1. Ranked from highest to lowest mean number of other Cβ atoms within 10 Å per residue, what is the order of the peptides 101-114, 53-66, 30-43?
2. Let me check I've understood the local charge: for ASP132, count other residues with C-beta under 10 angstrom from its C-beta, Lys and Arg +1, Asp and Glu -1. What total comes out?
3. If you take all C-alpha pairs in the chain, what percent of them are over 29 Å apart?
4. Take the alpha-carbon centre of the range 119-141, take the same for the range 14-36, and report the distance between them in whole Å.
5. Could you please state how large a percent of the accessible area of the chain is carbon and sulfur, counting protein chains only and using a 1.4 Å probe?
6. Return one whole number: the accessible area per residue of the range 52-119 in Å², for a 1.4 Å probe.
Amino acid sequence: EEFAKIKKEKMIDYSVRETYPLIGIQKYFGYILRGNTTGNLPFLFKLDKSVDLNKLKKSIEKLFDVHPELKNIIKPGSTGALENFRNDDREIDIPIITVSDEEWDELKGGLITPYMFGENDPIYHSAIYVTDSDNYLFFDLAHIAGDGVSMNIIFEDINAIYLGKEVWKKQYDPEFCV
């Protein structure tokens, strides 16, 4: 009874929209930490040689369909304020980049680049790197869009997709949201 009263008072529209305003903590990351790598959640994995790189690439790309909010672009809206622009139809291409071991030694130090939240800047940086001796997965999410728990979910879902398990697109049920 009390839950029904709270739910009625706080009815929230959970429908998908074209743009969303930033919430308080997102404003902090968007304005205060813009251009600062403190706003990054970077992960670099050395991959086992048994990993099928094309299958991994496709698994990561499918992840973006399971979590379409990762396709968002955060950029200035019509008023100049940062807004979160959703585009579920955006195609994602995770590159597989081949470099020598020497090139990798130079490249890996510059993988973490700050998020600027410009016109076409994604809220993630990701690539698979093939070197002479090893393979790597780099995945970085802007802290404005996630946290450590989010990253655990992302990597669990990539792993499940890679293993051929069904991973469903997340949906919010207004019945249980207060």
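The values are calculated or read from the model by the stated rules, or taken from the named source; none is laboratory data. Bear in mind that the values here come from a model prediction, so they are computed numbers and not experimental data. Cβ placement follows ideal geometry from the backbone for every residue including glycine, while neighbour counts extend to all protein chains displayed. Heads up: the accessible areas ignore ligands, DNA and RNA and are worked out on the full protein's heavy atoms, side chains in. Shrake-Rupley method; radii C 1.70, N 1.55, O 1.52, S 1.80 Å.
1. 53-66, 30-43, 101-114
2. Around ASP132, the charge tally is -4.
3. Tail of the P(r) past 29 Å holds 30 percent of the pairs.
4. Here the answer is 23 Å between Cα centres.
5. Ligands and nucleic acids excluded, carbon and sulfur give 53 percent.
6. Per-residue value: 53 Å².
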